[in-house]
Amino acid sequence: MNTTARARALILAGIALVASACASAAPSTLSTDAVPTGAPAATPATPAKPAPRPAAYQSDDFIVTFAQSGDTPETLAARYLGGADRAWMIEDYTGLRAFAPGQEVVIPRKPWNLSGVTPGGYQIVPILTYHNLAEQAKGRLVLAASSFREQMRYLKTNGYRVVSLAAFIEFTRLNRQLPQRAVVLTFDDGYRAFKDYAYPVLKELGFTATLFVYTDWVGAGRGALSWNDLRELSAEGFDVQAHTKTHADLRRATGETEAQYARRMQVELEQPQDLFSKNLGHRSQILAYPYGRWEEGLLPKVKEHGYIAAFSVRRQGNASFVRPLTGHRSQIYAEMTLDDFVRNLNVFQEENLR
Ligand SMILES: [Zn+2]
C-alpha cells in the first residue's frame, strides 16, 4: 500500500471509530465542518436524511478533501493548513500542482519526513552564495543585476522555495521538514549593491536571504552597507550573520604558535559578536568562512565563540545529516549562464538506502 492509500485507510478508519463513539466522546480530532453527519446525536428516534458528502475528512495527521474547480495547492493550503505558504506540503505529498474538480486530495497536517531521507536517496538543500552586484558584470564576483533577476525568476517559476538559513538549521536538527525544492540564498561581505539590486527583486518575489558581513567592512565606504542599513534589513526579515572581523583565512598559518592562533581567532570570531550585540541587538549564530576555508582545528574555536553553524563554499547541496560547522555553499559567478546556474539547484541525491 502506498503512503496515500495508507493515509486514506487510516483516516477513514479513524472517522468510523469517532462516528461510532458518538458526539459525547468529544471528537477533538474532527473539525466541525468536516464531521460526517451520519451519526445522529440529539434525536436518535428520527431517521436521518442521507448526509451530503462532507467537504473534508480529518484526522490528527491528514485531511482528505475533494478539489473544487480552480483549486491549487495554494488555495487548499489556505483553506486547510492555515496559509498559502504551506502549499508545498500538499504539492510535495501528492506530487501534484493541479487538481481536477472532485479529485480526492490527501493533505498532510504534520511533517511526514523530517530528515528528507527516503529509500531511494535523500534531500539536499542548495545554499547559493552571491557577492557584489552591479548594472554590468565585472570579474567573477560582480554579477549583472539582470542575471540575478533572471535567476530569481527561474527559482520562482520552477517551484523552488526559498527558505531561511535558520529553517535550514532546524532541518539539520530534525526539527523541521523543508520543501523538497528548498533553496537558501546568501550574500557575502556586505556590499551596498545588495540594497540597490538584490533587495527589490527579493521583495517582489517574497524571498528571504542571509547577509554574511565582515565587520571591518561594515560602514567602511560608499560600497559598503552600514549598521543602519543592516538594522533596516533585519527589521524587514533579512538575516544578518558574521563573516569574521577582517576576512582573513581562519586556518592556522605556517609558523603561528597555538597561543598566537588562539589570540587571532579571539579577535576574528569574538569582535563581530560584540559589534552584532551593540548594533543589531543579538549575537551571530552562523558563520561564513572567508574564502570558504576551514580545517578541523578551527571548529572547536568556532563553537567556543557561540556559532552553531558555519559554511564553506564547497559546491554541493546539504543533507539533513551534514555536520553543522562544515556546511556547503555554491558560489554563483558572474560568467555563469542560466544553465550553469541551474546545475547548482540539485535537490536530491539518489542513493539506494534500502
Ligand atoms: Zn567574503
ask   = In this structure, does VAL218 turn out to be buried (at least 18 other Cβ atoms within 10 Å of the Cβ), away from the ligand (no atom under 14 Å from the Cβ) and among the β-branched types (Val, Ile, Thr)?
value = no
request  = Scan PHE207, PHE276 and give me the residue that is under 24 Å from the mean Cα position of the chain (by Cα), assigned to a loop (DSSP other than H, G, I, E, B) and either crowded, with 18+ Cβ neighbours inside 10 Å or within 14 Å of the ligand (Cβ to nearest atom) (or both).
outcome  = PHE207
task = May I ask you to list the residues in region 222-266 that are in a helix (DSSP H, G or I) and either charged (D, E, K, R) or within 27 Å of THR208 (Cβ to Cβ) (or both)?
result = TRP227, ASN228, ASP229, LEU230, ARG231, GLU232, LEU233, SER234, ALA235, GLU258, ARG263, ARG264
key: Top-ranked residue of region 221-231 - restricted to ones that are within 16 Å of the ligand (Cβ to nearest atom) and hydrophobic (A, V, I, L, M, F, W, C), ranked as surrounded by the most Cβ atoms within 10 Å (Cβ to Cβ)   = LEU225
key: Boolean, THR3 is closer than 24 Å to LEU178 by Cβ, of a type in the set (Ser, Thr, Tyr) and modelled with pLDDT under 95   = yes
inquiry  = Need the failing condition index for LYS303 against (1) more than 16 Å from the ligand (Cβ to nearest atom); (2) outside any helix (DSSP H, G or I), just the number.
reply    = (2)
request  = Answer with yes or no whether ALA262 is assigned by TED's automatic domain parsing to the domain that holds ASP216, more than 27 Å from the chain's Cα centre (by Cα) and of a type in the set (A, V, I, L, M).
outcome  = yes
ask   = Quick one: is PHE321 of a type in the set (A, V, I, L, M, F, W, C), within 19 Å of the chain's Cα centre (by Cα) and surrounded by fewer than 14 Cβ atoms within 10 Å (Cβ to Cβ)?
value = yes
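If you check GLN177, GLN151, which single one turns out to be assigned by TED's automatic domain parsing to the domain that holds GLY219 and closer than 30 Å to PRO54 by Cβ?
Of the residues listed, the single one that is assigned by TED's automatic domain parsing to the domain that holds GLY219 and closer than 30 Å to PRO54 by Cβ is GLN177.
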message = For the condition touching a Phe, Trp or Tyr at 6+ places or on another chain (Cβ under 8 Å), farther than 21 Å from VAL162 by Cα and surrounded by fewer than 19 Cβ atoms within 10 Å (Cβ to Cβ), what is the one hit in ARG264, ARG293, ARG354, ARG283?
response = ARG283
request  = Only helices (runs of 4 or more DSSP H) wholly contained in region 72-182 count here; list those with 3 or more residues that are touching a residue at least 40 places away in the same chain (Cβ under 8 Å) and crowded, with 16+ Cβ neighbours inside 10 Å.
outcome  = 87-94, 145-157, 165-172
task = Please go through region 164-204 and pick out each residue that is out of contact with any helix residue (DSSP H, G or I) (no Cβ under 6 Å at 6 or more places or on another chain) and within 16 Å of the ligand (Cβ to nearest atom).
result = LEU165, LEU185, THR186, ASP188, ASP189, GLY190, TYR191, ARG192, ALA193, PHE194, ALA198
note = When region 232-254 is checked residue by residue, the ones that are away from the ligand (no atom under 13 Å from the Cβ), closer than 24 Å to PHE148 by Cβ and either outside the structural domain of ALA166 (by TED's automatic domain parsing) or touching a residue at least 40 places away in the same chain (Cβ under 8 Å) (or both) are SER234, ASP239, VAL240
request  = Sort through ARG149, ARG161 and tell me the only one that's away from the ligand (no atom under 15 Å from the Cβ), in contact with a Pro (Cβ under 8 Å, 6 or more places away or on another chain), of a type in the set (Lys, Arg) and within 17 Å of ASN344 (Cα to Cα).
outcome  = ARG161
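The values are calculated or read from the model by the stated rules, or taken from the named source; none is laboratory data. This is a predicted model, so every value here is computed, not measured. For neighbour counting, all protein chains shown are included, and Cβ atoms are generated from backbone atoms with ideal geometry for every residue, glycine included.
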